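These notes concern the structure reproduced below.
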Protein chains: 2
Amino acid sequence: MKKFINFPETLLAESLDGFAAAHADIVILGPEYKFVRRRSLTPGKVALVSGGGSGHEPLHVGFVGVGMLDAACPGQVFTSPTPDQIVEAAQAVGGDAGVLFIVKNYAGDRMNFEMAAEMAECRTATILTDDDVAVENSTHSAGRRGVAGTLVVEKIVGAAAERGADLARCVVLGERVNAGTRSMGVALTSCTVPAAGSPTFALSADEMEMGVGIHGEPGRRRVKLARAERIADEMTTAIINDLGDRAAGDLLLFVNGFGGTPSIELYLMYNAARRLLEERGLRVVRSLVGSFVTSLEMAGCSITVSALDSEMIVLWDQPVHTAALRW
Amino acid sequence: MKKFINFPETLLAESLDGFAAAHADIVILGPEYKFVRRRSLTPGKVALVSGGGSGHEPLHVGFVGVGMLDAACPGQVFTSPTPDQIVEAAQAVGGDAGVLFIVKNYAGDRMNFEMAAEMAECRTATILTDDDVAVENSTHSAGRRGVAGTLVVEKIVGAAAERGADLARCVVLGERVNAGTRSMGVALTSCTVPAAGSPTFALSADEMEMGVGIHGEPGRRRVKLARAERIADEMTTAIINDLGDRAAGDLLLFVNGFGGTPSIELYLMYNAARRLLEERGLRVVRSLVGSFVTSLEMAGCSITVSALDSEMIVLWDQPVHTAALRW
C-alpha cells in the first residue's frame, strides 16, 4: 500500500486537522473530529448537514461554506458517521429554521441519519439521494445508490437555503433535483482502504468495472477496457434512457473523477459525453469537470446528468464559497 | 495502459475541446489547438502568456482567466509548445503594454519561448521559474527545474498585471516571487505517457523517488517508502535550508498533488508540513492544497514554500477567476 500516511488509524484525524488549518477562513473543526462546520453561521437560515464515509473528498467537508453546506460529518474511511456525530453537528449549526440532512442512499448512512433525526433536539428533515442508475439494489443499499449527483443537490438546495427558503421548500426542491439527476460510474482500478491494506477488488490489466459504486462495490458488469467514446456512450445511454422525458430540457453535465484519473482524461470524457448528448439533440447548459466525489485513489470516473429548470439554473449559478467549489 | 482515451494522438485535442466547451464562459480555444486564451481581454494590460508540455493540468490552461494568465500554449504531453504556438498566442492577447512569458526552466521550453520572443511582433519579456530544490541540474534542464512554484508566480504577477503594473514592474515582481519560492516533490508511482504506452520509470512496491521532477525524471535518491511525516520532514528541511533567511517572514505553504494522490492524503501532508514549519518557529499565513501541477496520474506530491512580502500577500488575495483557481 503506497500512501502518504503515518498510521491508518490516525489518517482521518490528521487529514481533518490539515483541512481545517488550510481553510480556517471558511471552516471550523468540531470537537473530537465529529464534524466540520462553517466558521460563520447565518441566523434564521435552514442549516444543511451532510456526511458519510471519508475517502470521497472533497465530498462532503469540502462543500461546507456559504452557498452550500453548514456542516459535514466525516465517518472513518467508507464508514458512516455515527448518530452522535450527526446530532452534534445538527445542534451546532441548526436554529429555529431547522436542519436539513442530505444523505446518500447507503444502508449505514440512512440508519445513522435516521437515528440522529430522532435524537436531535431540533427540527429536521431529510433528502435521500439515489442518482446511480447502474444497479437497482446494491451490496450496500436497498434501492439505488446516492453518488456524485449528491453534489448537485447540495449546491442547488444550499443556494436556496442561502436565499431564505424554508425547510419544507428545501425538501421539495432537493427531491426535485434528485429526481432529475442520474449518474453512472466506471472503474479502471480498485482503491485500497488504508485500514485494510490491500485493494478492495481485483481488476486485470485489460478490464474495467462498468457501473462501479463509489466504494468499489460491484457495478453492472466487468468488461474489457474500451475506447473512451464507447465507455462514454454506454454511460450516457444508460443515463438518458433512465431520465426519459426529463432529458428534453436544459441539462447539467458533470464529469467526476474518482481520485486517480488526471484532468486531461476527465476533459476528454466530458468532450465525448457532451458530443453524444448533443448528437441526440440534447442541450448542455451547465458543466462541471473535476474530482469531487472520489473513491480514494481509484482510477475511474462517473458521468452525471441533471435536468435543470430555470429556478435550478439560477440557484446553480449563485455564488458558492467552500474549500472545493467556488464561484 | 489504463486510460480514458480514444487514440494517443488525439488525446490532447479532444481534451482541449472538452476544456474549452466546459469553460466557454472563461476561455476560447485558438485555431489548431495552438493556445487557450481568455474570452475577454483587458485593453492596455500586460498580457501574461505561459505554456509547456501537457499532462500537468490544470497548469497552464486551467489558469487562464481574470487575475492570472491571458493565454497558455499546450504542447503535446510532456513536450514543449512550438515557437509558432507561442507567437500566435502572444499576438492574439498582447497589445501595447507588452507580453510577459512565464516559462518553467526546462531546456525545450526555454528554447522555444526564446525563439518565440525573437519572432513575435510585439514587446516581450520573460520570467523563468526554477523553484525545485531537489537537483541543481537535471536530465531536462541546466539549472533548477521550474515546477509547482510557477503557479505562485502566475497568480501574483497575474494580479499585479490586472491592477495595471507595467511590463518592467511585472518582471521585477515575478523574479522576486520566484527567488522566494522553493519546491520539492516525491513520487510513489510512475506515470505513463500515452504515446509511450508504458511507465516512464519503475518503482518497486516499497520504493519512492525523493525529489522527482514533474515528468517523472529522477530526483535525489530512490529510497524505501516512509511514514508521511518523515517524507514531509525531508522535503520541508530541504526547502527551508535553501530559503535561508527568506523563510523568516510570512509564508505560503502549497501542497500539490501529482494527479493520482487523493485529497485525504494531500491534507495529511499539508498538516505534517505545516506542523514541521511551525515547530521551527516559521509562520504560514496562506495555504493551497490540491492537484494543480500534475504529472498525469502519478501518485505523489510536492511541497512549495513561498516567502511573501505584504505586497505579494495582497496580490495573492486578489480575485482570480480561472477554470482551476477561483477566489
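The values are calculated or read from the model by the stated rules, or taken from the named source; none is laboratory data. Keep in mind that what you see is a predicted model, and the values were worked out from it rather than measured. With ideal geometry, Cβ positions are generated from the backbone for all residues, glycine too; neighbour counts draw on all protein chains shown. These area figures cover heavy atoms from the full protein model, side chains too; ligands, DNA and RNA do not enter into them. Shrake-Rupley method; radii C 1.70, N 1.55, O 1.52, S 1.80 Å.
Structure values in brief
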quantity	calculated
Odd one out for residue B:135, checked against (1) surrounded by fewer than 23 Cβ atoms within 10 Å (Cβ to Cβ); (2) in contact with a Cys (Cβ under 7 Å, 6 or more places away or on another chain)	(2)
Strands (runs of 3 or more DSSP E) (entirely within the range A:8-123) containing at least 2 residues that are more than 29 Å from residue A:316 (Cβ to Cβ) and without any contact (Cβ under 8 Å) to a residue 40 or more places away in the chain	none
Checking residue A:239 against (1) surrounded by 19 or more Cβ atoms within 10 Å (Cβ to Cβ); (2) without any contact (Cβ under 8 Å) to a residue 12 or more places away in the chain, the condition it does not meet	(2)
Residue in the range A:187-205 that is modelled with pLDDT of 95 or more, of a type in the set (Phe, Trp, Tyr) and either closer than 28 Å to residue A:313 by Cα or open to solvent by 10 Å² or more (accessible area, probe 1.4 Å) (or both) present	no
Enumeration of residues in the range A:186-221 that are part of a strand (DSSP E or B) and either outside the structural domain of residue A:304 (by TED's automatic domain parsing) or among the polar types (S, T, N, Q) (or both)	A:192
Search result, residues across the range A:1-23 that are more than 7 Å from chain B (Cβ to nearest Cβ) and open to solvent by 40 Å² or more (accessible area, probe 1.4 Å)	A:1, A:7, A:8, A:9, A:10
Odd one out for residue B:54, checked against (1) open to solvent by 10 Å² or more (accessible area, probe 1.4 Å); (2) out of contact with any Lys or Arg (no Cβ under 8 Å at 6 or more places or on another chain); (3) of a type outside the set (A, V, I, L, M)	(1)
Residue A:116 open to solvent by less than 20 Å² (accessible area, probe 1.4 Å), of a type outside the set (D, E, K, R) and touching a Pro at 6+ places or on another chain (Cβ under 6 Å)	yes
Residue pairs meeting the criteria (Cβ under 8 Å; at least 6 apart or on separate chains; first more than 13 Å from every other protein chain (Cβ to nearest Cβ) and surrounded by fewer than 22 Cβ atoms within 10 Å (Cβ to Cβ), in the range A:215-235; second in a loop (DSSP other than H, G, I, E, B) and among the aromatic types (Phe, Trp, Tyr))	A:218/A:201
Residue count for the range B:271-283, restricted to those that are facing chain A (nearest Cβ under 7 Å) and touching a strand residue (DSSP E or B) at 6+ places or on another chain (Cβ under 8 Å)	1
Which listed residue is buried (at least 22 other Cβ atoms within 10 Å of the Cβ) and either of a type in the set (Val, Ile, Thr) or closer than 25 Å to residue A:169 by Cα (or both), from A:70, A:96	A:70
Filtered residue count, the range A:242-270, keeping only those that are within 12 Å of another protein chain (Cβ to nearest Cβ), touching a Leu at 6+ places or on another chain (Cβ under 9 Å) and over 9 Å from residue A:301 (Cβ atoms)	10
Check on residue B:204, within 13 Å of another protein chain (Cβ to nearest Cβ) and without any contact (Cβ under 8 Å) to a residue 60 or more places away in the chain	yes
When residues of the range A:138-163 are limited to those that are among the charged types (D, E, K, R) and open to solvent by 30 Å² or more (accessible area, probe 1.4 Å), the one nearest to residue A:311 (Cα to Cα)	A:163
Residue selected from the range A:251-283 under the condition part of a helix (DSSP H, G or I) and of a type in the set (Gly, Ala, Ser), by the criterion farthest from residue A:181 (Cα to Cα)	A:263
Pairs, first closer than 16 Å to residue B:284 by Cα in the range B:299-327, second in a loop (DSSP other than H, G, I, E, B), C-beta under 6 Å, six or more apart	B:304/B:148; B:306/B:180; B:307/B:180; B:307/B:249
Test: residue in the range B:249-265 that is in contact (Cβ under 8 Å) with a residue 40 or more places away in the chain, of a type in the set (Val, Ile, Thr) and surrounded by 24 or more Cβ atoms within 10 Å (Cβ to Cβ)	yes
Failed item in (1) touching an Asp or Glu at 6+ places or on another chain (Cβ under 8 Å); (2) modelled with pLDDT of 95 or more, with residue A:129 passing the rest	(1)
In the range A:271-303, residue nearest to residue B:300 (Cα to Cα) [restricted to those that are under 22 Å from the mean Cα position of the chain (by Cα) and charged (D, E, K, R)]	A:297
Filtered residues of the range A:284-324 (kept if in a loop (DSSP other than H, G, I, E, B), open to solvent by less than 10 Å² (accessible area, probe 1.4 Å) and at the interface with another protein chain (Cβ under 9 Å from one of its Cβ atoms))	A:294, A:295, A:296
